[in-house]
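Contents: one structure, followed by commentary.
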Amino acid sequence: MFRPISTLKLSKKVISELEEKGYLHVEDLPEDPESLEKLGLNATNLQKQLLSVDTLALDIWQSEIDALQESIPLCCSNLEDILGDGFQSGVITELSGVPFSGKTQICMQLSVTAQLKRYRDGAYGRVIYIDTRCGPTSQRFQGEF
């Protein structure tokens with residue numbers, strides 16, 4: 001696929017002049033520096049533009065999503081350091097490990113923290129906790145938070 005001349009970082013006047021001379025695509029331009037300079041183009045600058053990778057729309061979208069996503073702290077600095085400031089909201093995170101390694105406890109703590117008000121370092125959100133193995137009981141949720 002050919003890259004249009006208009007995608008280069010050139011003035012509108014230069015682009016118009018190139019198009020009038022029949023240079024519609026970057027691939028139409030001569031490769032030798034002398035011919036480029038006759039057209040009013042800097043060969044080094046043009047080469048840098050052609051070698052640089054433009055930012056994709058997907059990259060921009062992902063950076064915006066990352067900026068909006070907040071993390072939910074766990075009140076355990078070691079675990080938060082491993083996860084990078086806690087669990088990310090809107091992202092599926094899988095916990096696995098041997099029995100009695102604390103997976104259910106982490107999920108319950110996360111459920112509580114996600115519902116806390118922001119001034120208590122919570123996400124002030126809603127939580128649905130689904131356990132398909134009938135593991136946690138209401139007794140595990142009792143206590144002062």
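The values are calculated or read from the model by the stated rules, or taken from the named source; none is laboratory data. Owing to the predicted nature of the structure, the values given are computational and were not obtained by experimental measurement. Reconstructed Cβ throughout: ideal geometry from the backbone, glycine too, with neighbour counts over all protein chains shown. The area values use the complete protein model at the heavy-atom level, side chains included, leaving out ligands, DNA and RNA. Shrake-Rupley method; radii C 1.70, N 1.55, O 1.52, S 1.80 Å.
Observations
- Of all the numbered requirements in (1) touching a residue at least 24 places away in the same chain (Cβ under 8 Å); (2) loosely packed, with under 13 Cβ neighbours inside 10 Å, Lys38 misses one, and that requirement is (1).
- Among the criteria (1) surrounded by fewer than 11 Cβ atoms within 10 Å (Cβ to Cβ); (2) modelled with pLDDT of 75 or more; (3) part of a helix (DSSP H, G or I), the one Pro99 does not fulfil is (3).
- Checklist (1) farther than 23 Å from Arg126 by Cβ; (2) assigned to a helix (DSSP H, G or I); (3) modelled with pLDDT of 80 or more applied to Leu41, failing item: (2)
- Failed condition for Thr55, given (1) open to solvent by 90 Å² or more (accessible area, probe 1.4 Å); (2) at pLDDT 70 or above: (2)
- Residue match in segment 63-81 (condition: in a loop (DSSP other than H, G, I, E, B) and either small (Gly, Ala, Ser) or modelled with pLDDT of 80 or more (or both)): no
- Among the residues making up segment 1-29, those that are over 38 Å from the mean Cα position of the chain (by Cα) and either outside any helix (DSSP H, G or I) or surrounded by 13 or more Cβ atoms within 10 Å (Cβ to Cβ) (or both) are Glu17, Lys21, Gly22.
- Failed item, numbered, when Ser111 is tested on (1) of a type in the set (S, T, N, Q); (2) part of a loop (DSSP other than H, G, I, E, B); (3) modelled with pLDDT of 70 or more: (2)
- Some residue of segment 88-96 being modelled with pLDDT under 80, under 17 Å from the mean Cα position of the chain (by Cα) and part of a helix (DSSP H, G or I): no
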